Amino acid sequence: MPRKIPMRRCVASGEQLPKKELLRIVRTPEGTLAVDLTGRANGRGAYLKKDPAVIPVAKKNRALEKALETKIPEEFWAEIEKAMH
């Protein structure tokens, strides 16, 4: 039987995609933000499609801020963009 592919939804585009095609952003229990490359970090996570075009969309509709329930500083957006490449 083939293995089930874990699917997650991008908070910016609303697309349902395989977990491998998404970037996980996590708010740790301490309240810090991090790009979770392993997909297993502790804390509240949200997914963004690995496409730099979703960054302006996520900023405009504040999708990531709503999903993580915290303010996203401007310098963290640069870190997210760097992780997508």
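The values are calculated or read from the model by the stated rules, or taken from the named source; none is laboratory data. Fair warning: this is a prediction, and the values are worked out from it, not measured in the lab. Ideal geometry is used to build each Cβ from the backbone, glycine not excepted, and the neighbour counts take in all protein chains shown. Just so you know, the surface numbers come from the protein's heavy atoms only, side chains and all, with ligands and any DNA or RNA stripped out. Shrake-Rupley method; radii C 1.70, N 1.55, O 1.52, S 1.80 Å.
Sorting Glu65, Glu75 by accessible area puts them as Glu75, Glu65; the probe is 1.4 Å, largest comes first, and only protein heavy atoms count. Shown in residue order for the stretch 9-21 are the 3J(HN,Hα) couplings computed by the Karplus curve 6.51 cos²θ - 1.76 cosθ + 1.60 at θ = phi - 60°: 9, 6, 6, 7, 8, x, 6, 8, 9, x, 3, 5, 8 Hz (x for Gly and Pro). For the set Lys19/Lys82; Lys49/Lys71; Lys4/Lys71, the pairs lying more than 29 angstrom apart at their alpha carbons are Lys4/Lys71. On the principal axes of its alpha carbon atoms, the chain extends 45, 28, 22 Å, with the longest extent given first.
Once backbone amide H atoms are built at 1.01 Å from N, Leu23 has Leu48, Lys49, Lys50 as its partners under 5 Å, excluding neighbours fewer than 5 places away on the same chain. The fraction of accessible area contributed by carbon and sulfur in the stretch 46-85 is 53 percent, rounded to a whole number (1.4 Å probe; ligands and nucleic acids excluded).
Rounded to the nearest 10 degrees, the angle from helix 74-84 to the longest Cα principal axis of the chain is 20 degrees. Peptides 29-38, 1-10, 50-59 ranked from most to least packed give 50-59, 29-38, 1-10, packing being the mean of other C-beta atoms within 10 angstrom over each peptide's residues.
Could you grab the relative contact order for the chain? Cα pairs under 8 Å, six or more apart, rounded to a whole percent. Intermediate results must be reported in sequence, preceding the final value.
Numbers: 121 pairs, mean separation 23.4, N = 85.
Dividing the mean separation by the residue count of the chain yields 28 percent.
Taking all protein chains into account, the per residue accessible area for the chain stands at 67 Å² (1.4 Å probe). For n ≥ 4 DSSP H runs only, could you compute -39500 (n - 2.57) per run for the chain, divide by its residues and tell me the 222 nm figure to the nearest 500? It lands at -7500 deg cm²/dmol.
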